[in-house]
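The values are calculated or read from the model by the stated rules, or taken from the named source; none is laboratory data. Remember, it's a predicted structure, so these values are computed and weren't measured experimentally. Cβ placement follows ideal geometry from the backbone for every residue including glycine, while neighbour counts extend to all protein chains displayed. These accessible areas exclude ligands, DNA and RNA; they are computed on the full protein's heavy atoms, side chains included. Shrake-Rupley method; radii C 1.70, N 1.55, O 1.52, S 1.80 Å.
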Amino acid sequence: MTKFHLLRIGKRLCADLLVLGLLSAASGAFAQTPLADGQVIKIDQSAAKITIKHGPLKQFDMDEGMTMVYRAADPAMLKAVKPGDKIKFAPDRVNGQFTVTKIEKAK
Ligand SMILES: [Cu+2]
């Protein structure tokens, strides 16, 4: 094996490690906002509020399922769903207020 070959292998390894690093960074970000299952009960477009029935969310000390009102991080995302829809949503707490940062229809 020549010096040149070793250099190439070294470069290749660096590229692979970089990809691995990016992948784990991406999955780490995803893990911080796991999507919860829920059902839309009510939407108040003008107040940017959505009422969602959902199961336990241990990260917010909600040990049992409940129906509660969330603020929508962006009111526009409330246009994509309607009462009765089963959804996947990203719950968060922003300035002490329960907020939904992402909503998608469950398939
Ligand atoms: Cu809740």
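General observations
- Within segment 67-86, if we keep just the residues that are within 14 Å of the ligand (Cβ to nearest atom) and not hydroxyl-bearing (Ser, Thr, Tyr), the residue that is least open to solvent (accessible area, probe 1.4 Å) turns out to be 68.
- Taking every residue in segment 74-90 that is in a loop (DSSP other than H, G, I, E, B) and pairing it with any residue that is open to solvent by less than 10 Å² (accessible area, probe 1.4 Å) and not polar (S, T, N, Q), at least 6 positions away or on another chain, the pairs with Cβ-Cβ distances below 8 Å are 81/40; 81/50; 81/87; 82/40; 83/40; 84/40; 85/40.
Every residue, every condition in (1) on the phi > 0 side of the Ramachandran plot; (2) modelled with pLDDT under 95; (3) in contact with a Phe, Trp or Tyr (Cβ under 8 Å, 6 or more places away or on another chain), yes or no:
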site: 20; (1), (2), (3): no, yes, no
site: 30; (1), (2), (3): no, yes, no
site: 34; (1), (2), (3): no, yes, no
site: 38; (1), (2), (3): no, no, yes
site: 57; (1), (2), (3): no, no, no
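- Residues located in segment 91-104, provided they are away from the ligand (no atom under 13 Å from the Cβ) and either touching a residue at least 40 places away in the same chain (Cβ under 8 Å) or among the polar types (S, T, N, Q) (or both): 95, 101, 102, 103, 104
- Restricting segment 32-66 to residues that are open to solvent by 90 Å² or more (accessible area, probe 1.4 Å) and in a strand (DSSP E or B) leaves a set whose member that is farthest from the ligand (Cβ to nearest atom) is 42.
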